[in-house]
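Colleague: Handing you a structure now.
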Amino acid sequence: MEALSETVLKRRFVVLGGAVIAASAATGCSTTVSTSRRATVPVRPPNIYDTMYAAVPDEAFPLPAIPYQRIDSRYLRQLVDDPTGERPGTLVVDTNQHFLYLVYEGGKAIRYGVGLGRAGFEWAGDGVIQYKREWPTWTPPQEMIMRQPELEPYSASNGGMPPGLKNPLGARALYIFRGGRDTLYRVHGSPEWWTIGKSVSSGCVRMMNQDIIDLYNRVPSGAPIMVRGLSNDPGTYSSTRTV
């Protein structure tokens, strides 16, 4: 992955913020009274998240807006100080805090909120993003079908579940391999935005659809990924630095 300089990275995040400031200055955020003594309605300045989580009508399956106001703000996409110390271009999933970091240069990272596997379905380890897919087909593993026979229509022999808004893999999927073999775990989108920050899945790393699209556009095939628990103290983070 071509590393982005801190200047370029900040520009990507600040441009929209600059637009917010300009819009606020242009509209005037305070309540005013006109010469005709009619009070004007206060104008709410634009919010960067209004754009990040807006509807996406030009997708193969148009995505609805996400009501981000109902989500803990910790799990909204944001630029943060990197707590991992990993190489730029590395994906790090913090299973303790339900965060996914994409590491950049300059000690920065983009942090996304994620949903993870419930008890008995956790997975941790190091691997690579072998390949990526837009609007992927979902094929549940045979072990899952044995637990949930109603999923048999979506088995590999039946061609899996076709792409769509109800597909569990959502708008994008990143396929995790380890040692050249498919782990069967994915980083993927999900229409169930209310599960972000929780442990509810069958071990995969789920993200809001708007976030997985953003991540998909930033991460190339072959990117390293590490799935593990980070301590609240970055200095105790256990890094192998190998994949």
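Colleague: Would you confirm whether any residue within region 138-150 is in contact (Cβ under 8 Å) with a residue 24 or more places away in the chain and touching a Ser or Thr at 6+ places or on another chain (Cβ under 8 Å)? Step through it out loud before you land on a result.
Modeller: Of all residues in region 138-150, those in contact (Cβ under 8 Å) with a residue 24 or more places away in the chain come to 138, 141, 144.
Still in the list and also touching a Ser or Thr at 6+ places or on another chain (Cβ under 8 Å): 144.
Looking through region 138-150, at least one residue is in contact (Cβ under 8 Å) with a residue 24 or more places away in the chain and touching a Ser or Thr at 6+ places or on another chain (Cβ under 8 Å).
Colleague: Considering region 125-150 alone, what residues qualify as being farther than 21 Å from Thr195 by Cα and among the hydrophobic types (A, V, I, L, M, F, W, C)?
Modeller: Those that are farther than 21 Å from Thr195 by Cα and among the hydrophobic types (A, V, I, L, M, F, W, C): Val128, Ile129, Ile145, Met146.
Colleague: Output the residue which, of all residues in region 192-203 that are more than 12 Å from the chain's Cα centre (by Cα) and under 25 Å from Tyr49 (Cβ atoms), is surrounded by the most Cβ atoms within 10 Å (Cβ to Cβ).
Modeller: Ser201
Colleague: Output the residues belonging to region 166-220 that are in a helix (DSSP H, G or I) and within 16 Å of Leu91 (Cβ to Cβ). Spell out the reasoning first.
Modeller: As a first pass, look at region 166-220 and keep what is in a helix (DSSP H, G or I): 193-195, 209-218.
Once the filter is applied, which keeps residues that are in a helix (DSSP H, G or I) and within 16 Å of Leu91 (Cβ to Cβ), region 166-220 yields Asp211, Ile212, Ile213, Asp214, Leu215, Tyr216, Asn217, Arg218.
Colleague: Any residue in region 97-108 that is within 18 Å of Ile213 (Cα to Cα) and without any contact (Cβ under 8 Å) to a residue 40 or more places away in the chain sitting within a Cβ distance under 7 Å of a residue that is in a loop (DSSP other than H, G, I, E, B) and small (Gly, Ala, Ser)? List the pairs, counting only those 6 or more apart or interchain.
Modeller: Partner pairs satisfying both residue conditions: Val103/Gly89.
Colleague: What's the total number of residues in region 38-83 that are touching a strand residue (DSSP E or B) at 6+ places or on another chain (Cβ under 8 Å), at pLDDT below 95 and in a loop (DSSP other than H, G, I, E, B)?
Modeller: Residues in region 38-83 being touching a strand residue (DSSP E or B) at 6+ places or on another chain (Cβ under 8 Å), at pLDDT below 95 and in a loop (DSSP other than H, G, I, E, B): 1 in total.
Colleague: Next up: Here are some residues: Met146, Met161. Which one is touching a helix residue (DSSP H, G or I) at 6+ places or on another chain (Cβ under 7 Å) and more than 22 Å from Met226 (Cα to Cα)?
Modeller: Unique residue meeting the criteria: Met161.
Colleague: Out of all the residues in region 143-160, which are among the polar types (S, T, N, Q) and either part of a loop (DSSP other than H, G, I, E, B) or surrounded by 13 or more Cβ atoms within 10 Å (Cβ to Cβ) (or both)?
Modeller: Gln148, Ser155
Colleague: Mind listing just one residue for me: the one in region 104-124 that is hydrophobic (A, V, I, L, M, F, W, C) and surrounded by fewer than 23 Cβ atoms within 10 Å (Cβ to Cβ) and, of those, farthest from Gly222 (Cα to Cα)?
Modeller: That would be Ala119.
Colleague: Checking the conditions here, which among Met226, Met208 is over 26 Å from Tyr68 (Cα atoms) and of a type in the set (A, V, I, L, M, F, W, C)?
Modeller: Just one listed residue meets the conditions, Met226.
Colleague: Could you identify the single residue in Leu184, Leu174, Leu151, Leu169 that is among the aliphatic types (A, V, I, L, M) and touching a His at 6+ places or on another chain (Cβ under 6 Å)?
Modeller: Values: Leu184 fails: touching a His at 6+ places or on another chain (Cβ under 6 Å); Leu174 fails: touching a His at 6+ places or on another chain (Cβ under 6 Å); Leu151 fails: touching a His at 6+ places or on another chain (Cβ under 6 Å).
Leu169 is the lone residue from the list that is among the aliphatic types (A, V, I, L, M) and touching a His at 6+ places or on another chain (Cβ under 6 Å).
Colleague: Scanning region 204-232 for residues that are surrounded by fewer than 17 Cβ atoms within 10 Å (Cβ to Cβ) and closer than 17 Å to Phe99 by Cβ, which turns out modelled with the highest pLDDT? Before you say what the answer is, go through the steps one by one.
Modeller: Taking region 204-232 as the starting set, the residues that turn out to be surrounded by fewer than 17 Cβ atoms within 10 Å (Cβ to Cβ) are 217-218, 220-222, 229, 231-232.
If we keep only those that are closer than 17 Å to Phe99 by Cβ as well, we get 218, 229, 231-232.
Numbers: Arg218: 98, Gly229: 81, Ser231: 57, Asn232: 49.
Within region 204-232, the match that is modelled with the highest pLDDT is Arg218.
The values are calculated or read from the model by the stated rules, or taken from the named source; none is laboratory data. Computed from a prediction, not measured in an experiment: that's the story for all the values here. Quick reminder, even Gly has a Cβ in these numbers, built from the backbone with ideal geometry, and neighbours come from all protein chains shown.
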